[in-house]
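Data block below; observations after.
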Amino acid sequence: MTTVTRLANYINGAWLKADAEVLPVVNPATAETLAEVPLSPAAEVARAAEAALAAFADWRATPAGERIQPLFRLKALIEANIDDLARTITEECGKTLGESRAEIQRGIENLEVAAGIPSLMQGYNNEDIARGIDEHMFRQPVGVVAAITPFNFPFMIPLWYMPYAIACGNCFILKPSEKVPLSSQKLFALIEQVGLPNGVVQLVNGSKAAVDAILDHPAIRAVSFVGSTPVARYIYSRATANGKRAQCQGGAKNPVIILPDADMDMTAKILADSAFGCAGQRCLAASVAITIGTARQEFVERIADLASNRKVGYGLDAGVEMGPVISQQSRERIEHLIGMGRQEGAELLVDGRGTSVSGYETGAFISPTILDHVNPGGELAYTEIFGPVLSLMHVDDLDQAIAIVNANRYGNMACIFTSSGAAARKFRHEARAGNIGVNIAVPAPMAYFPFSGWNESFFGDLHAQGHHGVEFYTETKVVVERWPKEWSRTF
Ligand code: NAD
């Protein structure tokens, strides 16, 4: 009989077993139980917050140039262990090995950007704002901060926050998704080796009870969140009601407009990768393709072909282009939404339901699916599916297409495919979304740009990454000073 490992929390530089109920961590392709994750109670969060608070005074007094050194060591360790890390992501999250490696690279980027904190957190000043009076603005760390992360990028998303937080002089607590806690265990096993003082970073596993404890703990001054919109809204409300800073990224329903002058082969290929890559479980996945005029026929033929021929299977196996979705429950929800689309009048052009992969019959597989003629006024048009399902709509002109984009209650991303500069310019000016792609269908911002998001895709002011991350994790302090010469000894 094999024993299943029970995961530990990492608090104050030590791995501790929480006295808590556990959930199984399940490989979505094989249904194998990989580990048990504790659902930490509030007391564990309190322990982590106290350790972080105790470490804060010394850490904030550590020069920024020293604070960033562990980030360089972490980057080197992640690169040295990339194969093992990618395998872990694939096992618990289902994406292909190539997708897992790409996710790790995007995470590393944030370590690289945060290593520039000595410059990024510089303030500014003016001499002689009045005669003999100078004014300065300094950035100081906020204190103890926490991040609550989703299942779909278990390695990258914690790195949207941790590097900036600690490089700015804060102490950090991560509460990863209970569905995919192994990637964070591995990340923290590497963090343990980089020479951070005890208490600077903490890992607390759990679900709602741990989240609520984070939202209510008085020592935690700022909360970052990525996940679904209802939870983002809840976390933003409760965190801010408790006087904390909050940046909460929510769900998405991402539209892509295709003009007749687009290169159709390229467009269909890029769209297929966006809609079906990571089994559609990307917050920047294309989920609605809106063709204009004669683009319809050429695009529909190509995308249907690409969807039908995508190889679905276990992400560890060679040649597999798309893995399972995160769970059987998720597969059932997606299949139900496909059925709802049909009831609203859509035509099922490619049906990925009922997929069974030989050798992995218990896996949560669903193949690429295309719904054509989706009703722009129906419920499906505005419901996040978070699976490999592309909805098609057809309109006559760009204004109609932009109207559909802007009726979306989300605003995570919107893209256009065209060879017309004027159409692209009009679109990027008018589209109400935070991340815009022009002939790009996953416009994921580099780590030195903010990961924007509008409407119900984001609650807060400052996004993750880059300058926004630095501003979120620092307080500005303005000093106005006067040093009359008659008060000083003259030398
Ligand atoms: P989720 O909202 O179910 O869970 C996210 C986190 O919140 C997890 O850590 C979970 O433990 C916690 N949580 C869940 N329910 C809670 C509750 N009732 N109270 C308190 N905490 C709770 O999201 P998910 O299913 O893990 O991730 C998928 C979602 O994340 C999708 O909606 C996707 O669009 C979104 N997402 C958004 C972005 C972005 O940048 N906007 C990026 C990635 C994922």
Determine whether the stretch 259-275 contains at least one residue that is farther than 18 Å from Lys95 by Cα, in contact with a Pro (Cβ under 9 Å, 6 or more places away or on another chain) and β-branched (Val, Ile, Thr).
no
Filtering the stretch 386-403 down to residues that are buried (at least 22 other Cβ atoms within 10 Å of the Cβ) and in contact with a strand residue (DSSP E or B) (Cβ under 7 Å, 6 or more places away or on another chain) yields Pro388, Val389, Leu390, Ser391, Leu392, Met393, Ala401
For the stretch 122-156, how many residues are in contact with a helix residue (DSSP H, G or I) (Cβ under 8 Å, 6 or more places away or on another chain) and within 12 Å of the ligand (Cβ to nearest atom)?
9
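Test Thr362 against the criterion of being under 21 Å from Ser327 (Cα atoms), part of a loop (DSSP other than H, G, I, E, B), touching a residue at least 12 places away in the same chain (Cβ under 8 Å) and in contact with a Phe, Trp or Tyr (Cβ under 7 Å, 6 or more places away or on another chain), and give yes or no.
Numbers: under 21 Å from Ser327 (Cα atoms): yes; part of a loop (DSSP other than H, G, I, E, B): yes; touching a residue at least 12 places away in the same chain (Cβ under 8 Å): yes; in contact with a Phe, Trp or Tyr (Cβ under 7 Å, 6 or more places away or on another chain): no.
The answer is no for Thr362.
Please go through the stretch 71-107 and pick out each residue that is basic (Lys, Arg) and crowded, with 23+ Cβ neighbours inside 10 Å. Reasoning before the result, please.
Looking only at the stretch 71-107, we keep the residues that are basic (Lys, Arg), and these are 73, 75, 87, 95, 101, 106.
Scanning the stretch 71-107 gives a single hit, Lys95.
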If Gly199 meets every condition in (1) in contact (Cβ under 8 Å) with a residue 40 or more places away in the chain; (2) open to solvent by 10 Å² or more (accessible area, probe 1.4 Å); (3) more than 14 Å from the ligand (Cβ to nearest atom); (4) touching a strand residue (DSSP E or B) at 6+ places or on another chain (Cβ under 9 Å) apart from one, which number is that one?
(2)
Does Pro70 satisfy the criteria of being over 26 Å from Ala464 (Cβ atoms) and in the same structural domain as Val211 (by TED's automatic domain parsing)?
no
Of all residues in the stretch 215-245 being within 11 Å of the ligand (Cβ to nearest atom) and among the charged types (D, E, K, R), the one that is least open to solvent (accessible area, probe 1.4 Å):
Arg238
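Please determine, by comparing only the residues of the stretch 246-266 that are more than 18 Å from Pro150 (Cβ to Cβ) and outside any loop (DSSP other than H, G, I, E, B), which one is most open to solvent (accessible area, probe 1.4 Å). Before the answer, list the steps.
Start the filter on the stretch 246-266 by keeping residues that are more than 18 Å from Pro150 (Cβ to Cβ), which leaves 255-266.
Filter once more, so that each one left must be outside any loop (DSSP other than H, G, I, E, B): 255-258, 264-266.
Details: Pro255: 8, Val256: 0, Ile257: 0, Ile258: 0, Met264: 10, Asp265: 101, Met266: 78 Å².
Looking at residues that are more than 18 Å from Pro150 (Cβ to Cβ) and outside any loop (DSSP other than H, G, I, E, B), I get Asp265.
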Picking from Ser119, Ser184, which residue would you name as being of a type in the set (S, T, N, Q) and within 14 Å of the ligand (Cβ to nearest atom)?
Ser184
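Residues Val320, Val350, Val300: which one is under 30 Å from Arg106 (Cα atoms), buried (at least 16 other Cβ atoms within 10 Å of the Cβ), in the same structural domain as Ala407 (by TED's automatic domain parsing) and not hydroxyl-bearing (Ser, Thr, Tyr)? It would help to see each step written out before you state the result.
Working: Val350 fails: under 30 Å from Arg106 (Cα atoms); Val300 fails: under 30 Å from Arg106 (Cα atoms).
Exactly one of Val320, Val350, Val300 is under 30 Å from Arg106 (Cα atoms), buried (at least 16 other Cβ atoms within 10 Å of the Cβ), in the same structural domain as Ala407 (by TED's automatic domain parsing) and not hydroxyl-bearing (Ser, Thr, Tyr), namely Val320.
Output yes when any residue across the stretch 129-138 is within 30 Å of Val320 (Cβ to Cβ), surrounded by 15 or more Cβ atoms within 10 Å (Cβ to Cβ) and at pLDDT 95 or above, and no when none is. Even if it seems obvious, please write down each step before you answer.
Within the stretch 129-138, the first condition is being within 30 Å of Val320 (Cβ to Cβ), and the residues that meet it are none.
So far as the stretch 129-138 goes, no, none of its residues is within 30 Å of Val320 (Cβ to Cβ), surrounded by 15 or more Cβ atoms within 10 Å (Cβ to Cβ) and at pLDDT 95 or above.
Within the stretch 1-116, considering only helices (runs of 4 or more DSSP H) that don't extend past its boundaries, which have at least 1 residues that are farther than 30 Å from Ile220 by Cα, at pLDDT 95 or above and not charged (D, E, K, R)? Quick ask: steps written out before the conclusion?
On the way: elements: 42-61, 64-67, 69-80, 82-93, 97-114.
Because the criterion is at least 1 residues that are farther than 30 Å from Ile220 by Cα, at pLDDT 95 or above and not charged (D, E, K, R), the helices (runs of 4 or more DSSP H) in the stretch 1-116 that meet it are 69-80, 82-93, 97-114.
The values are calculated or read from the model by the stated rules, or taken from the named source; none is laboratory data. Remember, predicted model here, so these are calculated numbers, not experimental data. Neighbour counts are summed over all protein chains in view; Cβ atoms, including those assigned to glycine, are modelled from backbone coordinates with ideal geometry. Side chains are part of the model used for accessible areas, which takes the heavy atoms of the whole protein and leaves out ligands, DNA and RNA. Shrake-Rupley method; radii C 1.70, N 1.55, O 1.52, S 1.80 Å.
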